[in-house]
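Report on the following structure.
The values are calculated or read from the model by the stated rules, or taken from the named source; none is laboratory data. Predicted model, so just to flag it, every value in this text is computed and none were measured. When we count neighbours, we look across all protein chains shown, and the Cβ atoms used for this are built from the backbone with ideal geometry, even at glycine. Note: accessible area is taken over every heavy atom of the protein model, side chains too, but ligands, DNA and RNA are not part of it. Shrake-Rupley method; radii C 1.70, N 1.55, O 1.52, S 1.80 Å.
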2 protein chains.
Amino acid sequence: MASLVQHLGLFLLFFVPLPLVSCHSHHHPLDFLTPSEFHQVQAIVNGSNPGSSHNVTFQYVGLDEPDKPALLSWLSNPNSTTLPPPRRAFVITRLHSQTHEIIVDLSTQSIVSDKVYSGHGYPLLTSEEQTAASELPLTYPPFIASIRKRKLKLSDVVCSTFTVGWFGEEKSRRVLKILCFYTDGTANLYMRPIEGVTIVVDLDEMTITEYYDRLTAPVPEAEGTEYRLSKQKPPFGPRLNGVSAMQPDGPGFKIDGHNIRWANWDFHVSFDARAGLIISLASIYDLQKRTFRRVLYRGYLSELFVPYMDPTEEWYYKTFFDLGEFGFGLCTVPLQPLADCPSNAVFMDGYYAGQDGKPVKISNAFCIFEQQAGRIMWRHTEIEIPGEEIREVRPEVSLVVRMVATVGNYDYVLDWEFKPSGSIKLGVGLTGILEVKGVSYTHTSQIKEDVYGTLLAHNTIGVNHDHFLTYHLDLDVDGDANSFVKANLETKRVKDNISPRKSYWTVVSETAKTESDAQIQLGLKPAELIVVNPNKKTKLGNYVGYRLIPGSLSSPLLSDDDYPQIRGAFTKYDVWITPYNKSEKWAGGLYMDQSRGDDTLAVWSQRNREIENKDIVLWYTIGFHHVPCQEDFPVMPTLSGGFELRPTNFFERNPVLKTKPPTYVHWPNCTTKS
Amino acid sequence: MASLVQHLGLFLLFFVPLPLVSCHSHHHPLDFLTPSEFHQVQAIVNGSNPGSSHNVTFQYVGLDEPDKPALLSWLSNPNSTTLPPPRRAFVITRLHSQTHEIIVDLSTQSIVSDKVYSGHGYPLLTSEEQTAASELPLTYPPFIASIRKRKLKLSDVVCSTFTVGWFGEEKSRRVLKILCFYTDGTANLYMRPIEGVTIVVDLDEMTITEYYDRLTAPVPEAEGTEYRLSKQKPPFGPRLNGVSAMQPDGPGFKIDGHNIRWANWDFHVSFDARAGLIISLASIYDLQKRTFRRVLYRGYLSELFVPYMDPTEEWYYKTFFDLGEFGFGLCTVPLQPLADCPSNAVFMDGYYAGQDGKPVKISNAFCIFEQQAGRIMWRHTEIEIPGEEIREVRPEVSLVVRMVATVGNYDYVLDWEFKPSGSIKLGVGLTGILEVKGVSYTHTSQIKEDVYGTLLAHNTIGVNHDHFLTYHLDLDVDGDANSFVKANLETKRVKDNISPRKSYWTVVSETAKTESDAQIQLGLKPAELIVVNPNKKTKLGNYVGYRLIPGSLSSPLLSDDDYPQIRGAFTKYDVWITPYNKSEKWAGGLYMDQSRGDDTLAVWSQRNREIENKDIVLWYTIGFHHVPCQEDFPVMPTLSGGFELRPTNFFERNPVLKTKPPTYVHWPNCTTKS
C-alpha cells in the first residue's frame, strides 16, 4: 500500500498547473527565444538605430530556424564537442515606413544582416498598433456624429481592427479597417455590429484616412447575446457531472526544457508569434530495432484562410489570413486549468516580443496531457479454438499537446495527439463567436434577396464563410530523403472468365517525380497517400512510410481569378509536396497583410522542382465550409475536424503488440475537500 | 466534506460492472425479448410442429418491431389507459429444408402467421450449425489426407466457416465453405491458413458435398503471430500509465430498464441478434421550450459489406455481409471492464436465441459511460473590451454507448456518442486480425505478379479489402414528417463589377421530392445534407433540422455488374433516403446469405417513392478501403472513422449556453489498495 505522503505529492503534481519555464543552462537549438534573449535582441536592434530607436516597431521576433543540415549533424553526434548551430533571431521591424528584415546573432551579439523589404505585403500586425488604431474613431468627430445619428452611447462603443486584403490595387499603403460594436448590455460585442460605417486607418501615420457612413441597419439587440455564466438566468442546464482524470502511476511523460518524452515518443515543442505551437523532431522508439526513428522534422499550422461570402461594400474585403496577419502565437490565449485542459494536464508558457521588442509572456500557452478517452488501442476476442476463449484488449492512452488561439471572435483549438501505435492525429476545433451582419430582418419571411448567410436572431445574419487550415509537415520518415507515393486503388476487370468474380481493385503506385505530380484534390481518385523513405525497406522489402488519412473534404469555392483566392492559392489543392527550403514556411508568403499572391506555395510550386528521394515537405489543408445556424448563436458549440498521419510499413509489425495494459488502482479510501 | 461512507458507496458504483438486467414488471414496447419470452416463443413454435420440433432450427428470434404509428400514439399518451402495441416476436426457422417466417403473439401466446419463404437467399447462420460444419473436415478422410500431405498435425487444425456468396448460379443450396488453420504454436489461427483446400458443406444435410485440394502453399510460421500478453517475451513496451476516470458527483445518467436518461438526452437501447445495438426514441430536452423533442426514432447498423480483392479460386467468394450472414448481435462479445470500457462504465447484457430457441446470454454486451476526453464544448476569450478579460470555457462531457462485435477475425467497435450540444456522433473502430493468404514469398523482391495485397510476414499476404458499414437512421426531426434538403454551396460570379470581389458562394437549397433526388455520392458537389421538419420552423423562420457531417470518403470500386456489388448495391451511394417502411430494415435484404440482390435498398429505391414531408429514413454508408500494412500484423491497431448528426436550426440558440461547468473535486486524502 502506497503511503499517504506519496500520494499527496502525486496530487499536487496533478492539480497545480506547472509553469515549466526553461531554466537549464543550455538551450535546445530549436527552443524559442528566452525573455533575456528577447531583451538582447531588442537592445541590439535599437542600438543599431541610434537616434531613431523610439520609432522602430518590432513586428516579429522569433528564432531564426537553424539550417536543417547543421542541426541534424549536431543532433547525430550528441556526445561530440561539436557546437550547436549558431543561435540567431529573425526580426521584422518597421522604421520610417519601411519593413526591415534583420538577423541577429545572439552568440556574437551582433546584427548579421539588415535588409529593407521592398516587395508587396506587410508584416504581422502588432497588438499595440491594433489597439491604437481601434481607439482612433472614438475621438474622430465624423464617427461621433455617426454614433449620435444612430442614437447610441459612445461610451459603449468598442472598435476592432480588420485587415483590408488586396483587390487589384496598384498602390498599397499599410492600412487597416475599423469596425465598431455596441457593448451596451452585453460582453458579446460581435453580436452587436454597428453596420454601414467604413473607417480606414493608415498605420504608419496612425490616422484615419478614409471615412464613409454609407447606410444604417438596426444594431441587433443585446438580449440573448450574453455567454458569461454570471449573466445567465435560470433555468440552467443541461447538468453535466464531472469526470476527473486520476493517474495512479502519475503522469507518464517527462518534460526536459521543451523536450517531451512519453511512451515511445520523443519530440520538442516550441512557440512562435506567428505559428503558435511548433512540433519538432518527433521520433518514435522502435522496440525491435531498439532505437528512436524520426517521423517529423517540423510541423506547424502555416496559414489559416477565412474568406467571408458577402460581396457587399462593407463585407467584401473580409478574407482573413489569421496567421500571417494577426499571428496565431500573438492570439494564443492562456489555457484555463480544469476547463481548457483536463485535471491531469501540465502547462507551458510562451513568449513573444511586444511592439517595443520587450518580451511578453503568455502563461499556460500550451497544455500537455495524457488522454484516455475510453478508446481501444487494439483488441481481439477469439472463440474459434475449441476449449479456449481469448480476450486481449489494450485500452488506448495518447498524449495531447494543445493550444487555443482566439482571433478576435473565433476560437481555434489545435491538438497534436501522439499515439503509441505511431499515429499522429491533428485535431482542429472551431468555437467562439460568429461574425454577424446587422440587418433589418427579424424573420426569414421578410427576406427576398440573397443575404449571404443565415438569420440567427433579430437583425442578425451569420455570414457564410470558410476556414482553411494549411499545415506545414516536414516529414522525415526514418531519415530526410523521402518520396511521395500515390498508391492508387484501381478497379480491374477479370478477363477471360478466369474467376466467377468480374472485378476487384488493386494498388497501382506512382512515385511523384516533381511537384506537379503531387498536387492533389482529394476525392477525385481513390488513393492512399504515403510519404516513404525510398532508401529504407522493412526486412520483408516494403518501403517504410507514413500515410496521410485526410478528414472530411471542403475545397475552396472562390474563382481562381478572384483576388482572395490568388492570395490563398495554396488552398487550391488539398495536398502539395515541396522540396525542403528553409524560406518556404508560410503557405501564403512571409508578408501576408495585403499580399498579392506572389509568394505563395502555389507560386513556389510552379518551378515544378524534383521531389523524389529528396527532403520533402507535405502541405495539407483541412477545410470547413460554414453555413451558420442558430445553434451557433450567441457562442458556437465546437465543430471538430482533423486528420491522421499513420505508420504504413514503418514498423516490422504492430508497435504496440507488447504494450502492457495500464494498471488501474481502486481508490477506495478517499474523502473530498470541495 | 462528504463522508467516507458516502464515497465508498460511490466507488462501488464505479468499479463494479453493473449487470442491469431488466427486472421491472412491464416492458418498454421496444425492449428486446426477455429470457422468459424466448422460452415462450420456443415453446409456442415447437408446439406448432408436433413430431418434428426436434428438426426445427431457430435462425433468428427477435422483437417484431411494433407498428410505428401505434407505438407513437401510445407514447404520446403516457398517462392514458391505452394498451401498448401487442408484444410480438419475429422468428425465422428452418424445417425440412424450408425457411419459415413466423410471427408469435406473446400476449395471446399464439402464432399469428407462419409462412414459408420461397425467394432467394437464406437466413442468418446459427453458431451451432457453424460449429458443426467446421468440425466435419476433421473426420473427413480426404481432408485428413490433405493435412498429412502437408505434414501437419490434425490435432492442431482448427476450421472455420465462410459464406459462399452468389456468383450467378441459377440453383442454390444452403452451403458454406470451410477453411482450416493451423494453431501449432499460436492462438492466432488466422495467420496460419492452410491454403489450397476447398470444402463445401451442405447445411441441410450437414455433410461435405464438395472437396478440392488444388494447390499447396507454405503455412506461415507461428513465430511472431501471438498477440496474447502471456506469450510475449521482453522487452515490453511502450509503457502506458493509466488514467482512471473519477466522478465526484457520481455518474450523470440513469438507467430505467433499457431507457437511458443523461444530461438533456433520453433514449432507449435494445439488442438484436442481427443488428446488435439499436438506439430508439432519442429525444433531447429543449431548455427553452421546456420539453423533450425527438431526433431519432430508430438507428442501427443495417449491414456491413466486406469484399476481399483476390479473384483467385480460393478467395474470389470472400465478399461477406456480416450482419445478414453472421449477425452482429450473435457476434457481440462480452466487454471487459477497465479495458474495453473505462472505469466509470456500466454494463448491460444481451440475449439471443440459440439454434434450439433457448435464450443465450451475452454478459456485458453494451457499456455506457460518460466520456470526458479533455475536449472543449465551447469557449471564448475576450480581450477587446477595455479593462475586461473574459474567459468562458465549458469542457465537454458526452455519453457513449458501445458494443464490440467480433466476426471471426475482425473486431468492430461501434460507438454512439451523445453530446449535450445535440450532436450524435457515430464512431467505428476496426481492429482484430486480418485475413491473410499463405504464399511462397518471403520477400517482396520475389513477387512478380499481382498478389492482391501486402506481404506482412514470411509467406503471408494481407489481402486488400473494404469495409462498408451502412446505417439505418430513422430520423424524426421534431416529429415524423420530414424532408431531405440538399443545401448546395454554389459559386456565384459577381456581376457588373459591383464589388471588388469577383466571386463568393451561396446556399441554393433543393428539397428532394423522390428517392432518386436523394441518392448522393459525396465529394462530387459541395452541399450540406439536412433532414428538416418542413412543418416546424424556429421563431425566426428557419426550418428545424439535423445535418449529416460525413466522415472520410471511400466508395465502392467493384463494377456495378459484379455479383458481390449487385448484392451490395446499397453501397453505390453514400446517402439514400427512403420513406419509412417497416419491412425495409436490412440494406441488403432480409435473407442475405447467397442473396441475389433482389431485396436491397437499391431495388426498393427504384420505385422512386415520394419522400417530401414524409416519415423518412436516412441511410448512410461509411467505408474503408484497407490496404494492409505490416503494422496490422499480427493484430491491428484500431483504425477509426465516424460521422456526426448535428442540429441545424433545431434549437433557437446554442443549447449548451446555460450549462454549468462540471464540478471538480480534489481528492487529496486517498490511499490505494493495489
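Assorted remarks:
- The range B:554-595: C-alpha gyration tensor shape, a/c 1.5 cut-off, then a/b vs b/c: oblate
- In this structure, the amide hydrogen of A:Ile616, modeled 1.01 Å from its nitrogen in the peptide plane, lies closer than 5 angstrom to those of A:Asn482, A:Tyr580, counting only residues at least 5 positions away or on a different chain.
- The simple Förster model, with R0 at 25 Å and r as the Cβ-Cβ distance, assigns B:Lys525 and A:Lys525 a FRET efficiency of 0.90.
- Whole-number D in µm²/s for the range A:228-300 (Stokes-Einstein; Kirkwood sum over Cα pairs; 4 °C, 1.567 mPa s): 81 µm²/s
- For the range A:274-282, the Karplus equation 6.51 cos²θ - 1.76 cosθ + 1.60, evaluated at θ = phi - 60°, returns couplings of 8, 7, x, 7, 10, 9, 10, 6, 6 Hz by residue, with Gly and Pro reported as x.
- The interface between chain A and chain B buries about 16900 Å² of solvent-accessible area in total (1.4 Å probe, ligands and nucleic acids excluded).
- FRET efficiency, B:Leu215 to B:Ser107 (Cβ-Cβ, R0 45 Å, nearest 0.05): 0.15
- For the protein assembly as shown, with +1 on Lys and Arg beta carbons and -1 on Asp and Glu, the positive-most of B:Leu469, A:Thr126, A:Gly623 along the dipole: A:Thr126
- Inter-label distance, nm, simple model (7 Å from Cα along the C-beta direction), B:Ser36/B:Ser516: 5.4 nm
- Cut-off 13 Å between beta-carbons: net charge of the residues surrounding A:His258, Lys and Arg +1, Asp and Glu -1: -3
- 46 Å tail of the calculated P(r), chain A, as % of Cα pairs: 23 percent
- Solvent-accessible area per residue for the protein assembly as shown (1.4 angstrom probe, square angstrom): 34 Å²
- Partner lysines whose Cα lies under 17 Å from the Cα of A:Lys153, excluding those fewer than 8 positions away in the same chain, are not found.
- Partner aspartates and glutamates whose Cα lies under 19 Å from the Cα of B:Lys448, excluding those fewer than 8 positions away in the same chain, are identified as A:Glu490, A:Glu510, B:Asp310.
- Between the range B:617-631 and the range A:297-329, the alpha-carbon center distance in angstrom: 34 Å
- Simple spin-label estimate for B:Ser445 and A:Asp560 gives 4.5 nm between the two label positions (7 Å along the Cα-to-Cβ direction from each Cα).
- Remark: for residue pairs B:Lys539/B:Lys658; B:Lys233/B:Lys361; A:Lys289/A:Lys536; B:Lys68/B:Lys513; A:Lys419/A:Lys658, the C-alpha separation exceeds 25 Å in B:Lys233/B:Lys361.
- Checked against a 21 Å cut-off, the cross-linked pairs B:Lys425/B:Lys492; A:Lys115/A:Lys614; A:Lys492/B:Lys318 give Cα-Cα distances beyond that limit for B:Lys425/B:Lys492; A:Lys115/A:Lys614.
- Applying the Karplus relation 6.51 cos²θ - 1.76 cosθ + 1.60 with θ = phi - 60° to the range B:33-45 yields 3J(HN,Hα) values of 5, 7, x, 5, 5, 4, 4, 4, 4, 4, 5, 5, 5 Hz, where x marks Gly and Pro.
- What the Cα convex hull of the range A:389-489 gives, in volume per residue, is 284 Å³.
- Calculated P(r) tail over 21 Å for the range A:127-229, as whole % of Cα pairs: 36 percent
- Net charge dipole, chain B: roughly 1600 debye, given to the nearest 20, about the Cα centre with Cβ charges of +1 for Lys and Arg and -1 for Asp and Glu.
- For trypsin sites (Lys or Arg not before Pro), the sites in the range A:455-510 that DSSP calls loop and that have at most 12 other Cβ atoms within 10 Å are A:Lys495.
- Overall, the accessible surface of the protein assembly as shown at a probe of 1.4 angstrom is composed of carbon and sulfur to the extent of 51 percent.
- Here the range B:31-117 is treated as a Stokes sphere of Kirkwood radius computed over C-alpha pairs; at 37 °C and 0.692 mPa s its diffusion coefficient rounds to 237 µm²/s.
- Sites A:Ala132 and A:Lys537, calculated FRET efficiency, Cβ-Cβ separation with R0 60 Å, nearest 0.05: 0.50
- Here the range B:127-231 is treated with +1 on each Lys and Arg Cβ and -1 on each Asp and Glu Cβ, and its dipole about the Cα centre works out to around 380 debye.
- The distance between label points at A:Ile498 and A:Glu313 comes to 7.2 nm (points 7 Å beyond Cα on the Cα→Cβ vector).
- Ordering B:His27, A:His626 by accessible surface, largest first, gives B:His27, A:His626; the 1.4 Å probe counts only protein heavy atoms, with every chain in place.
- More than 35 Å apart - percent of Cα-Cα pairs taken over the range B:253-648: 33 percent
- Average beta carbon contacts from partner chains per residue of B:428-435, 10 Å cutoff: 3
- With θ taken as phi - 60° and the Karplus curve 6.51 cos²θ - 1.76 cosθ + 1.60 applied, the whole-hertz 3J(HN,Hα) list for the range A:650-658 is 6, 9, 5, 7, 3, x, 10, 4, 9 Hz, x standing for glycine and proline.
- Area accessible to solvent at B:Tyr543, 1.4 Å probe radius, in Å²: 100 Å²
- Anchor A:Lys254: aspartates and glutamates whose Cα lies under 12 Å away (excluding residues fewer than 8 positions away in-chain): A:Asp266, A:Glu370
- Environment charge of B:Asp31, counting only residues whose C-beta is closer than 12 Å and scoring Lys/Arg +1, Asp/Glu -1: -3
- Cα centroid separation - the range A:358-421 against the range A:493-529, whole Å: 33 Å
- Measuring how big the protein assembly as shown is from its alpha-carbon positions, Rg and Dmax come out at 31.9, 112 Å.
- Spatial separation of Cα centroids for the range B:116-170 and the range A:209-241, in angstrom: 67 Å
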